[in-house]
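Derivation of every value follows stated rules applied to the coordinates shown; laboratory data play no part. Since we're looking at a predicted model, the values are computed, not measured. Note that each Cβ is placed from the backbone with ideal geometry, even for glycine, and that neighbours are counted across all protein chains shown.
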Amino acid sequence: MTDPSAYDVAIVGGGPAGAACATLCAQAGLHTLVLEKSIFPRDKVCGDCVNPGCWPLFEQLGVARAVLAAPHHPISRVAFIGANFRRIDFPLDSGQPGEIAIPRRILDAILLQRAEQTGAVVLHGTPLHSLSRDTTLWRLQTADRSFTARRLIAADGRNSTVARLLGVAPAARRDRIALQAHIPTPPGQTPGIELHLLPQGYCGVAPVGEGLTNFCLVATPARLDALKAAVSARFAIPPGQQWRAIAPLDRAPIRPLRDGVLYIGDAARVVEPFTGEGIYYALHSGALAARHILAGTLDRYPAAHAALYHRRLWINRLARWAVTHPNAGAMLLRLMTAHPTSLQYLVQRVTAPATREIPV
């Protein structure tokens, strides 16, 4: 008799990375478990933007139609705005489907539901309590159940429980905090993405549909109240607005294959949210992990993971430098205003579709 608590693959975390990995593993016939500590749908601090590089993988996962049918907002323009309201904006690639903004509570629920539809066992509201390993199996313990798995995937975010339980959690960089809220769209607000570079920090603004706009703020703890005040004044946000927070915003990366555990999404590497690429990396790293599990080529996973980030990560680092050094960032924006094609090139590199699909 088959042990119902025994799995081929156990994935801790049901966000985009974990859901993508679970879907592809389950589609291929692996007995797949997802332990998710939250109960979906749930909100997530995020810029809510999905760039065109995600669509080939949405097609592979079988969720593209569901994403397009859900409440979202097409994004056709991006604007960079300085503290003095100096502004540069230009259109994004008009290919269909292109850049969209969609609330994470909607997108993540679609992705995790797809994993269930393909046969993965998804347990909501089930945090991992302890973890051990014998020669062939991982043993996972929740509050009231035990499971075993041949392969273990950490898809549980920047504060990975798996990494903590195994004693390999990287040091956090407690230099900045992110705040996010969905707010009724202010009168006269432009329909595209706006990235405001302010002396106190930065603010990303994107419409997400249904009359709401996502505001995402990032600043150091000392400057956070001042940034909230500046943004509230700029957009006439009423006093008492409630914000969701996440901290630490950044931490050192972890090796994507360590002691037999595959790390994907933010559990492996956290990227600067300014560029809106977190969902892209989460989906594709989850797909990569599934590919190498299915092919039996785990030794090649670290190199493939590094290659995924290599093509675009330098842009992310440039963006982080600009927004963590406000004066230098303002100077860079002035230079880009004088040479707008250079800024457009950077944005096109970030939002471009992947050069090839990730094979299953």
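Per-structure values
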quantity	calculated
Exposure proxy ranking, count of Cβ atoms within 10 Å, fewest first, for HIS129, HIS72	HIS129, HIS72
Segment 121-235: C-alpha gyration tensor shape, a/c 1.5 cut-off, then a/b vs b/c	prolate
Ordering of 21-34, 55-68 by burial proxy (mean other Cβ atoms within 10 Å per residue, highest first)	21-34, 55-68
At R0 = 25 Å, FRET efficiency that the Cβ-Cβ distance of ILE39 and ASP8 yields, to 0.05	0.50
Contact order normalised by residue count of segment 171-291, Cα under 8 Å, 6+ apart, percent	27 percent
Estimated FRET transfer efficiency when R0 is 25 angstrom, pair ALA172-ALA143 (beta carbons, to 0.05)	0.45
Relative contact order (%) - segment 3-47, alpha-carbon pairs under 8 angstrom, separation at least six	43 percent
Where labels lie 7 Å past Cα in the beta-carbon direction, separation of ARG87 and ALA295 in nm	4.7 nm
Which of THR136, THR142, THR297 has the fewest Cβ neighbours within 10 Å, and the rest in rising order	THR136, THR297, THR142
